[in-house]
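One structure is given below, encoded as structure tokens.
The values are calculated or read from the model by the stated rules, or taken from the named source; none is laboratory data. Because the structure is predicted, anything quoted here is derived from the model rather than measured. Neighbour counts are summed over all protein chains in view; Cβ atoms, including those assigned to glycine, are modelled from backbone coordinates with ideal geometry. Keep in mind that these areas ignore ligands, DNA and RNA; they rest on the heavy atoms of the full protein, side chains included. Shrake-Rupley method; radii C 1.70, N 1.55, O 1.52, S 1.80 Å.
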Amino acid sequence: MLRAVQSALTLCAALVFGPCALARAQSLAFYYARDVPAELLAAYDQVVVEPAHVPDVATLSESRASLVAYFSLGELAGAELARAQPQWMLGENASWSSRIMDLTHPGYRSFTLQRFEALWQAGYRGFFLDTLDSYELAVSGAAERASQLAALCELMRALSERHPDARLIVNRGFAALPSVARYVHALVAESLFDRWDAARGEYQRVPEQDRAWLLGQLRAAQARYGLKVIVVDYRPSSEREQARETARKIAALGFTPWVSNGSLSEIGVGALEIMPRRVLILNDAPHPEARPGPARWLAPVLEHLGYIPEYRSLTSPLPEGSLRGRYAGVISVLARAQAPGAYERWLLEQVRSGGRVALFGALGFAADGVGARELGIVPVSARLPFEVAPRPVAITARDSSIGFEAEPELHPFEGTAVYLRARTHARHLELRLRHGEVASAIATTDWGGIALSHVFAARGLHGERAWVLDPFAFLRSALALPELPAPDLTTESGGRVALFAIELRGAAEHARLRGRPRVSQVLQQLLAAQPWPHALALPADATPADRAILEQLLELPGCYAAELAPGETGLRGLRHSLTWLAPLSASASQPIAFPIAPDVSYLDGSAEAYPLQRVLETYALTDTPRRLAPIALHYHAFAASSPGG
């Protein structure tokens, strides 16, 4: 059962839809940024990557997708250009900061074959051959064109003959197809409806005349050579719905679509569209997943909504490029007013690309800076033309999302008080501060939301907190989380999932029961009477007697050996805030921990006669009004040694 649940959490990192009604076997994606997303590798059959970012294919050998290496034949740039000889160059392509290469030069031909062989040795078996037509930009005479075309065809023949199993995918190169089609597995063409103009740095619609010409070339290639056709079009990150429409139009023509941003650095829309299930949680402390606090308290909320929290400390580098398509949103939970590094610039990049951001705690950037102004945030002091006599803090506006577990306390604004001047969808909680300023404590906007102050209220004597804000409603609105089928690890066929684990510490001892039986005998009777799956684990200091008992119990139906991490949920009795609920997993890459705390956490410091019965309170509080966790009973063998266990 545990293995099945863990697999479900991994596979549900994304939902995959096929809006273009194409067979899965036809799926092809392009991704040129670093850190190729696992969701892309799981959903698509082939992914074209920049080999400099994946130098060793073996590192992704467990992925479903086959990696295809981007391979420029007609131009060189960057590190590869630095290795080239000046006499191999025909001209310059200023739009891409590259040089157009002389395909007829023996030195360049040898250099190209060496590059190809290096990628083959690195594990690549698929190659996307680009810039096949670039020589057209550097030569003028018919004889020169014919010479370059003949050299191109000969070079492609040499690549195929060197490794006949290589899968060659070509970008255009229509003039070469009559000679090389037998070596080609698929044909790619860019910009049928929407294009990226690298020289101008802008997205453009393709003129009808250009589209008609390209469509004719693609139809001819399909008819004459039976080639599969992939069309790559370009839309800005912020125009996701328009990208979907372009993909649908491409698919309607019988071609495989891929629509992404100009640098092909995000998960686009193709034969399949990935609906991301990960939410990035940023924090300015190291190891935020292990620290009690808002960053951790948000995780069970996201899990209930069907999403996977992924933590990133700002002490580590931020992910590169736009996260659109890779993450459902970003949550920032900061304690310091000024975040380190390039946080502000990175955050604005996500917003500009259409990503959603929810800010908890401090902004992480100056409230009177450029970034704040772009987000419609101003410090409240800038709104006061004069001072007024101090008065008590008061609530000027609130809605139904406030008062979830506790009422807001009327204390000063936590941190720098700000006001959302524009771009606001809902003002969930506004305060009038001591000098009459109106501050936005909690609000949602067209880019996400803020929950900067009065999000929690004090509960208890040791710094415990309870939610003032309804986190479920806020996150769904701020991150614009769509209504999609949600993976549920708590329920199967309507019934609550139950998981059981026993650590066999004390199993060889005598129980404090009538007749003084061994604890192992009591366990054997219990497990035989209730043959549900049980995970059995030995203590770290296991004795030979413990090992013998394990072997004996493993013969019972449903018992199996497994090492399990106990949870840390303290939700019970007076601790009935969701801030006491532990997440199912610290991150998508870590094993699932039991969401209910181990038996010893119910014993520590308790003077009750039957403290373990409080686990029933935990089960009740995690079942209604929302089922937030499966039943997970994690106990030691010695719990069966007395009536209290």
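Quick look at the numbers
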| item | result |
| --- | --- |
| Neighbours by Cβ (under 8 Å, 6+ apart or cross-chain): first from the range 547-566, within 12 Å of Ala501 (Cβ to Cβ); second loosely packed, with under 12 Cβ neighbours inside 10 Å | none |
| Unmet requirement for Ser520, which otherwise passes all of (1) open to solvent by less than 60 Å² (accessible area, probe 1.4 Å); (2) touching a Leu at 6+ places or on another chain (Cβ under 7 Å) | (2) |
| Evaluation of Val388 against (1) of a type in the set (A, V, I, L, M, F, W, C); (2) outside any loop (DSSP other than H, G, I, E, B); (3) modelled with pLDDT under 95 (one fails), failing number | (2) |
| Arg476 being touching a residue at least 60 places away in the same chain (Cβ under 8 Å), closer than 30 Å to Arg324 by Cβ and among the basic types (Lys, Arg) | yes |
| Within the range 184-255, strands (runs of 3 or more DSSP E) holding 2 or more residues that are free of Cβ contacts under 8 Å to residues at least 12 places away in the same chain | 202-205 |
| Output for the range 137-162, where each listed residue is charged (D, E, K, R) and within 16 Å of Leu177 (Cα to Cα) | Arg145, Glu154, Arg157 |
| Some residue of the range 205-220 being of a type in the set (D, E, K, R), under 26 Å from Cys153 (Cβ atoms) and modelled with pLDDT of 95 or more | yes |
| Any hit, the range 248-263, residues being exposed (fewer than 15 other Cβ atoms within 10 Å of the Cβ) and either of a type in the set (Val, Ile, Thr) or in contact with a Gly (Cβ under 9 Å, 6 or more places away or on another chain) (or both) | yes |
| Residue check for Ala181: of a type outside the set (Lys, Arg) and more than 30 Å from Lys249 (Cβ to Cβ) | no |
| Matching residues, the range 391-408, being open to solvent by 70 Å² or more (accessible area, probe 1.4 Å) and part of a loop (DSSP other than H, G, I, E, B) | Arg391, Pro392, Ser400, Glu407 |
| Strands (runs of 3 or more DSSP E) completely within the range 58-123 that count 3 or more residues being under 30 Å from the mean Cα position of the chain (by Cα) | 66-72 |
| Among residues of the range 523-550, those that are open to solvent by 80 Å² or more (accessible area, probe 1.4 Å) and within 17 Å of Gly506 (Cβ to Cβ), counted | 6 |
| Residue in the range 164-171 that is at pLDDT 95 or above and in a helix (DSSP H, G or I) present | no |
| Selected residue (criterion: farthest from Val47 (Cα to Cα)) from residues of the range 124-150 that are open to solvent by less than 20 Å² (accessible area, probe 1.4 Å) and assigned to a helix (DSSP H, G or I) | Gln148 |
| Residue match in the range 133-155 (condition: under 26 Å from Ala65 (Cβ atoms) and of a type outside the set (Lys, Arg)) | no |
| Segments classed as strands (runs of 3 or more DSSP E), wholly inside the range 431-515, with at least 3 members that are farther than 21 Å from Val351 by Cβ | 456-458, 465-467, 498-503 |
| Test: Tyr108 is surrounded by 14 or more Cβ atoms within 10 Å (Cβ to Cβ) and within 27 Å of Ile230 (Cβ to Cβ) | no |
| Qualifying residue in the range 489-501 (condition: open to solvent by 40 Å² or more (accessible area, probe 1.4 Å), farther than 30 Å from Tyr560 by Cβ and either among the charged types (D, E, K, R) or without any contact (Cβ under 8 Å) to a residue 40 or more places away in the chain (or both)) | no |
| Candidate set: the range 624-645, residues that are at pLDDT 85 or above and open to solvent by 50 Å² or more (accessible area, probe 1.4 Å); chosen: the one nearest to Pro598 (Cα to Cα) | Arg627 |
| So Leu359, is it touching an Asp or Glu at 6+ places or on another chain (Cβ under 9 Å) and open to solvent by less than 50 Å² (accessible area, probe 1.4 Å) | no |
| In the range 592-623, residue modelled with the highest pLDDT [restricted to those that are more than 36 Å from the chain's Cα centre (by Cα) and among the acidic types (Asp, Glu)] | Asp604 |
| Subset tally (residues that are open to solvent by 10 Å² or more (accessible area, probe 1.4 Å) and either outside any loop (DSSP other than H, G, I, E, B) or at pLDDT 85 or above (or both)) for the range 22-40 | 10 |
| Residue count, the range 140-170 (criterion: touching an Asp or Glu at 6+ places or on another chain (Cβ under 9 Å) and β-branched (Val, Ile, Thr)) | 1 |
| Answer residue from the range 277-293, given it is open to solvent by 10 Å² or more (accessible area, probe 1.4 Å) and modelled with pLDDT of 90 or more and is farthest from Asp35 (Cα to Cα) among those | Asn283 |
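Results for (1) more than 27 Å from Val455 (Cα to Cα); (2) part of a loop (DSSP other than H, G, I, E, B); (3) open to solvent by less than 10 Å² (accessible area, probe 1.4 Å); (4) hydroxyl-bearing (Ser, Thr, Tyr), shown as yes or no for each residue.
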position: Glu266; (1), (2), (3), (4): yes, yes, yes, no
position: Val301; (1), (2), (3), (4): no, no, yes, no
position: Glu320; (1), (2), (3), (4): yes, yes, no, no
position: Arg336; (1), (2), (3), (4): no, yes, no, no
